[in-house]
1. In the range 223-326, which strands (runs of 3 or more DSSP E) lie fully inside it and hold 2 or more residues that are aliphatic (A, V, I, L, M) and modelled with pLDDT of 95 or more?
2. I'm trying to understand the selection: among the residues of the range 293-326, which are free of Cβ contacts under 8 Å to residues at least 40 places away in the same chain, open to solvent by less than 60 Å² (accessible area, probe 1.4 Å) and touching a Lys or Arg at 6+ places or on another chain (Cβ under 8 Å)?
3. Listed residues Pro191, Pro164; which is free of Cβ contacts under 8 Å to residues at least 40 places away in the same chain, open to solvent by 20 Å² or more (accessible area, probe 1.4 Å), in a loop (DSSP other than H, G, I, E, B) and not hydrophobic (A, V, I, L, M, F, W, C)?
4. Residues of the range 176-188 being open to solvent by 10 Å² or more (accessible area, probe 1.4 Å) and either under 14 Å from the mean Cα position of the chain (by Cα) or of a type in the set (S, T, N, Q) (or both), which ones?
5. When the range 196-242 is examined, which residues are found to be over 23 Å from the mean Cα position of the chain (by Cα), surrounded by 20 or more Cβ atoms within 10 Å (Cβ to Cβ) and within 20 Å of Glu252 (Cβ to Cβ)?
6. Does the range 87-110 contain any residue that is basic (Lys, Arg), part of a helix (DSSP H, G or I) and open to solvent by 20 Å² or more (accessible area, probe 1.4 Å)?
7. Quick check on the range 140-161: of everything there that is open to solvent by 10 Å² or more (accessible area, probe 1.4 Å) and hydroxyl-bearing (Ser, Thr, Tyr), which residue is farthest from Met3 (Cα to Cα)?
8. Just give me the residues in the range 1-19 being surrounded by fewer than 20 Cβ atoms within 10 Å (Cβ to Cβ) and aliphatic (A, V, I, L, M), in sequence order.
Amino acid sequence: MLMTMIEALNHALTLELERDKRVVVFGQDIGANGGVFRVTEHLQRKFGEQRVFDTPLSESAIIGSAIGMSVYGLRPVAEIQFAGFLFVCMNQLVTQAARMRFRSAGAFTCPMVVRAPYGGGVRTPELHSDSLEGIFMQTPGLKIVIPSNPYDAKGLLASAVADPDPVLFLENIKLYRSFRQETPEAYYSLPLGKAHTVQEGSDVSIFAYGAMVPVAVEAAQQLQRESGTSVEIIDLRTVWPLDEETIVASVEKTGRAIVVHEAARAGGVGAEVTAIINERCLYSLLKPVGRVTGYDTPFPVPGLEDYYLPNAAKVLTALRRAMEPV
């Protein structure tokens, strides 16, 4: 059936709660209110307050509780209301959850999911639009998943819940209700750490994720119309660990690449993808890897976010530069 990303995530959580009695869902206002974006709507009514419940306004307590639950056999899915609030629970997530397997020499794992909406384009207040995936990429033991569409969101969330280690599952706010996609009602999963080829191409590769995938598609279509350039688009889906084999195979085929993300430029996914390309397929490159990203500033006030965010025009400029004669 056709689903928005909100509906796909709700379906995924419903199926997980039905399939596994160890799954519990909690966070601020996620019970009777169904969450600020209604991802958890009706779940408390279906499964009761013991398995779907509200928490105090304390992100550190939410993640700390999830760690304890997961170590002792539950499968918690904790919601942090906006990704910018993850700063408040950095200690619990980075030094406790992500290190549990390491510090216990494998005696314990921490099978928990932390869901958080992120991203610009919807005019939110400060700390509500931040893209923080680059900060968490340097946290061994933590996987980071960012879907770009309803089908992927449902399948990736199923795999995140099943994973034996903590998964940070970031959901772009602008994508929540921006379009519908054919998505099975039945249970299915998609593997973590595996990118998806959105469209095949032979001249230049774009690597993107989240809300930047439709931006990349729009720019690629414009370039195709104006010059006939064949653009390959890779949706990374899991930004840590990255799917190095798909990245390398694409660049070895096209010889040109750009990376697009709305997070800040320095130390981000684009930098890591570029490093992988330079280390593994430098001799295939015809031009330096381009990056189209947010700026190295705090996310701006709503009136300026259109200047901050990558758009099709910026991506198109980078593609034209990549296609200039060697």
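The values are calculated or read from the model by the stated rules, or taken from the named source; none is laboratory data. If you're wondering where the values come from, they're calculated on a predicted model, not measured in any experiment. When we count neighbours, we look across all protein chains shown, and the Cβ atoms used for this are built from the backbone with ideal geometry, even at glycine. Just so you know, the surface numbers come from the protein's heavy atoms only, side chains and all, with ligands and any DNA or RNA stripped out. Shrake-Rupley method; radii C 1.70, N 1.55, O 1.52, S 1.80 Å.
1. Result: 231-235, 257-260.
2. Thr293
3. Result: Pro191 is the single residue among Pro191, Pro164 that is free of Cβ contacts under 8 Å to residues at least 40 places away in the same chain, open to solvent by 20 Å² or more (accessible area, probe 1.4 Å), in a loop (DSSP other than H, G, I, E, B) and not hydrophobic (A, V, I, L, M, F, W, C).
4. Scanning the range 176-188 gives Ser178, Gln181.
5. First pass over the range 196-242, keeping only residues over 23 Å from the mean Cα position of the chain (by Cα): 201-204, 221-230.
Still in the list and also surrounded by 20 or more Cβ atoms within 10 Å (Cβ to Cβ): 201, 203-204, 223.
Hits for the range 196-242 are Gly201, Asp203, Val204.
6. Initial filter on the range 87-110 (basic (Lys, Arg)): 99, 101, 103.
Narrowing the set further to residues that are part of a helix (DSSP H, G or I) leaves 101, 103.
Applying the additional criterion that residues be open to solvent by 20 Å² or more (accessible area, probe 1.4 Å) yields 101, 103.
Yes - at least one qualifying residue is present in the range 87-110.
7. Top of the filtered list is Ser159.
8. Residues of the range 1-19 surrounded by fewer than 20 Cβ atoms within 10 Å (Cβ to Cβ): 1-2, 4, 14-15, 18-19.
Met1, Leu2, Leu15 - these are the residues of the range 1-19 that are surrounded by fewer than 20 Cβ atoms within 10 Å (Cβ to Cβ) and aliphatic (A, V, I, L, M).
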